[in-house]
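Structure, as structure tokens:
The values are calculated or read from the model by the stated rules, or taken from the named source; none is laboratory data. Keep in mind that this is a model prediction, so the values were computed, not measured. Here the Cβ positions follow ideal geometry from the backbone for every residue, glycine too, while neighbour counts run over all protein chains shown.
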Amino acid sequence: MAALGRIFGRRRAAGPVEPAPLVVPRQTLDGWVLDGTPLARSVPRADQRELAHLLHSVSGRVDTPWTYSRAAEILLAAGDVAQAHAVTSAWLRHPASRAAEHAAATRSLTRTHERVETRLASAEQPLDVQRANG
């Protein structure tokens, strides 16, 4: 099976990856904004207001899995894998993730978390280790 993983380009993470600090939006008279944060450059302007509200909810530890899922989806579409990992990690650490009514959403977010963690782990490996593995 390990050979198939190498053939199809799948690598297992060497270990858990520490999540990056979650970017917290700033509050202004217009509401929550991402201006002045690293996400202001990477996230399309059309998605920034929605993402700002979602990240505010994530930092406030809201217990709706859709919030975390949607924030991770926008961040992955923008190419910010580290922040998507921080969002999915926040949900998996949340006590509500173990509630029976959130089981399906938690499974989905766990799969997203594992996929993102694998991408981060392979990006952190030195180039000579990547060549030896693949």
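None of H113, H53 is in a helix (DSSP H, G or I) and in contact with a Pro (Cβ under 9 Å, 6 or more places away or on another chain) except H53.
Of all residues in the stretch 110-122, those that are without any contact (Cβ under 8 Å) to a residue 24 or more places away in the chain have Cβ atoms under 7 Å from Cβ atoms of residues that are of a type in the set (A, V, I, L, M, F, W, C), 6 or more apart or on another chain, in T110/L92. Just a yes or no: is a residue in the stretch 50-63 loosely packed, with under 15 Cβ neighbours inside 10 Å, more than 21 Å from V17 (Cβ to Cβ), of a type in the set (S, T, Y) and without any contact (Cβ under 8 Å) to a residue 24 or more places away in the chain? Scanning the stretch 50-63, I find no residue that is loosely packed, with under 15 Cβ neighbours inside 10 Å, more than 21 Å from V17 (Cβ to Cβ), of a type in the set (S, T, Y) and without any contact (Cβ under 8 Å) to a residue 24 or more places away in the chain, so the answer is no. Within the stretch 45-62, can one find any residue that is touching a Gly at 6+ places or on another chain (Cβ under 8 Å) and closer than 23 Å to S122 by Cβ? No, there is no match, as no residue in the stretch 45-62 is touching a Gly at 6+ places or on another chain (Cβ under 8 Å) and closer than 23 Å to S122 by Cβ. Of all residues in the stretch 18-33, how many are surrounded by 12 or more Cβ atoms within 10 Å (Cβ to Cβ) and free of Cβ contacts under 8 Å to residues at least 12 places away in the same chain? Result for the stretch 18-33: 1.
In this structure, is A46 closer than 26 Å to P16 by Cα and among the aliphatic types (A, V, I, L, M)?
no
Of all residues in the stretch 1-15, none satisfies being in contact with an Asp or Glu (Cβ under 7 Å, 6 or more places away or on another chain), crowded, with 16+ Cβ neighbours inside 10 Å and at pLDDT below 95.
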